[in-house]
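All remarks here apply to the structure that follows.
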Amino acid sequence: MPQYVQGVVARAKGEPVRVETITVPDPGSGEAVVKVQSCGVCHTDLHYREGGINDDFPFLLGHEAAGIVEQVGPDVTDVAPGDFVILNWRAVCGRCRACRRGRPQYCFDTHNARQRMTLADGTELSPALGIGAFAEKTLVAAGQCTKVDAAASPSVAGLLGCGVMAGIGAAINTGGVGRGDSVAVIGCGGVGDAAVVGARLAGAARIIAVDIDDRKLRTARELGATHTVNSRTSEPVEAIRELTGGFGADVVIEAVGRPETYEQAFYARDLAGTVVLVGVPTPEMTLELPLLDVFGRGGSLKSSWYGDCLPSRDFPMLIDLHLQGRLDLDAFVSETIALDEVEDAFARMHKGDVLRSVVIL
Ligand code: APR
Ligand code: ZN
Ligand code: ZN
């Protein structure tokens, strides 16, 4: 029987989002219905509302979520009703060239639920990143559900579904931060702070947090940054070099998504160091670098998409570390809110007042 639940819908470009009644069909083959328990508010949800991702309105927003599997369709074997799961936005195919070559992070053929959830008048909804979890229940592909230890609180578990995974993964997966490394993180919002936490988990000896906002630097320090640089008042490349014996950092993570901060990251790394771009640029942004500097400095320039994560490997591992007290995820939850407060939370996020607002259902 289809179910009628409440969900946060963006009907048209730039219009405030509203809670509406949506219809969730029974799961078909390879699909699951998840009772959502928590869903974080992420910049990407706002980008959807602003028409910055595509024009497939109306959107059912929310994509950073944890919950309980309620029903599964035929042919679903990996998860079962009652499982506590974190949702991911990349259910991989296992068959494409990237998957076969052992790089499912770059799968060309990720999938979502085949059926669509709808509005009361039958209009099909586009779920944000194929998830749509600002809703009491949502329909996803079973491969988007990763079972984790149910002892974890949903409010923090859901964060691993997007921003926190992106940041931790940028450090440990893409950046390959190792014991004793020096790491600089430029931009300490939710993603950059998670990169700080990832660098600490990986055993970095020195973690330099860079931001233009002292409030952000204080939080970064609480989460494990050993040094902070306010790049409004000091030149960040010089400051990072000074803090690393004149060399530059082994790994520099850019978590803003702007040409000038990427350029800083490029020059703040040690010879043969690694630069990781995790901040998302806009289509018109470009950066010009002297080719001789690229040549002369060696090392690698990388981008990190979804933290190069493998949900089935990384989500349970990070939840285990969290439950053992080795990974502070609670610090990322600035506030918990109800479904009808998402629009207000967008405003706070835009002003930089919160790391994460988390909808609790
Ligand atoms: N130099 C240093 N820090 C800066 C600068 C700058 N020029 N401009 C902005 N910042 C800081 C902000 O003060 C803020 O702390 O960057 C941080 C950005 O954080 P958030 O806006 O909270 O964004 P976040 O969720 O962390 O995402 C960062 O990663 O995944 C992407 O789309 C996401 O591009 C975005 C980026
Ligand atoms: Zn997100
Ligand atoms: Zn694939």
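Tabulated data for the structure shown
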read-out: Condition check for residue 252: under 16 Å from residue 175 (Cβ atoms) and surrounded by 20 or more Cβ atoms within 10 Å (Cβ to Cβ); value: yes
read-out: Residue check, residue 228 of a type in the set (Ser, Thr, Tyr), closer than 16 Å to residue 189 by Cα and without any contact (Cβ under 8 Å) to a residue 60 or more places away in the chain; value: yes
read-out: Condition met for residue 34 (more than 15 Å from ligand 2 (Cβ to nearest atom), in contact with a Cys (Cβ under 8 Å, 6 or more places away or on another chain) and more than 16 Å from residue 17 (Cα to Cα)); value: yes
read-out: Evaluation of residue 306 against (1) in contact with a strand residue (DSSP E or B) (Cβ under 6 Å, 6 or more places away or on another chain); (2) of a type outside the set (A, V, I, L, M, F, W, C); (3) closer than 30 Å to residue 85 by Cα (one fails), failing number; value: (1)
read-out: Some residue of the range 91-101 being out of contact with any strand residue (DSSP E or B) (no Cβ under 6 Å at 6 or more places or on another chain) and within 16 Å of ligand 2 (Cβ to nearest atom); value: no
read-out: Within the range 106-116, considering residues that are touching a strand residue (DSSP E or B) at 6+ places or on another chain (Cβ under 7 Å) and either crowded, with 24+ Cβ neighbours inside 10 Å or hydroxyl-bearing (Ser, Thr, Tyr) (or both), the one farthest from residue 33 (Cα to Cα); value: 110
read-out: Helices (runs of 4 or more DSSP H) fully within the range 143-216 counting 2 or more residues that are buried (at least 23 other Cβ atoms within 10 Å of the Cβ) and small (Gly, Ala, Ser); value: 163-169, 190-201
read-out: All positions within the range 335-361 that are under 16 Å from the mean Cα position of the chain (by Cα) and among the polar types (S, T, N, Q); value: 357
read-out: Search result, residues across the range 309-321 that are assigned to a helix (DSSP H, G or I), under 21 Å from residue 102 (Cβ atoms) and out of contact with any strand residue (DSSP E or B) (no Cβ under 8 Å at 6 or more places or on another chain); value: 313, 314, 317
read-out: Among residues of the range 257-274, those that are within 11 Å of ligand 1 (Cβ to nearest atom) and among the β-branched types (Val, Ile, Thr), counted; value: 1
read-out: Residue ID - farthest from residue 198 (Cα to Cα), chosen from residues in the range 289-309 that are over 23 Å from the mean Cα position of the chain (by Cα) and surrounded by 12 or more Cβ atoms within 10 Å (Cβ to Cβ); value: 289
read-out: Flag if residue 278 is among the β-branched types (Val, Ile, Thr) and buried (at least 22 other Cβ atoms within 10 Å of the Cβ); value: yes
read-out: Residue match in the range 71-82 (condition: within 16 Å of ligand 1 (Cβ to nearest atom), farther than 12 Å from residue 138 by Cβ and out of contact with any strand residue (DSSP E or B) (no Cβ under 8 Å at 6 or more places or on another chain)); value: no
read-out: Whichever residue in the range 34-90 is among the charged types (D, E, K, R) and part of a loop (DSSP other than H, G, I, E, B) and, among such residues, is surrounded by the most Cβ atoms within 10 Å (Cβ to Cβ); value: 64
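Each row is one residue, and each column tells you yes or no for (1) under 21 Å from residue 1 (Cβ atoms); (2) more than 16 Å from ligand 3 (Cβ to nearest atom); (3) of a type outside the set (Phe, Trp, Tyr).
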{"residue": "23", "(1), (2), (3)": "yes, yes, yes"}
{"residue": "38", "(1), (2), (3)": "no, yes, yes"}
{"residue": "43", "(1), (2), (3)": "no, yes, yes"}
{"residue": "51", "(1), (2), (3)": "no, yes, yes"}
{"residue": "85", "(1), (2), (3)": "no, yes, yes"}
{"residue": "98", "(1), (2), (3)": "no, no, yes"}
{"residue": "107", "(1), (2), (3)": "no, no, yes"}
{"residue": "112", "(1), (2), (3)": "no, no, yes"}
{"residue": "116", "(1), (2), (3)": "yes, yes, yes"}
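Since every read-out is calculated from the coordinates, none of them should be taken as a lab result. Predicted, not measured: the structure shown is a model, and the values here were computed from it. All Cβ positions, even for glycine, are placed from backbone atoms using ideal geometry, and neighbour counts span all protein chains on display.
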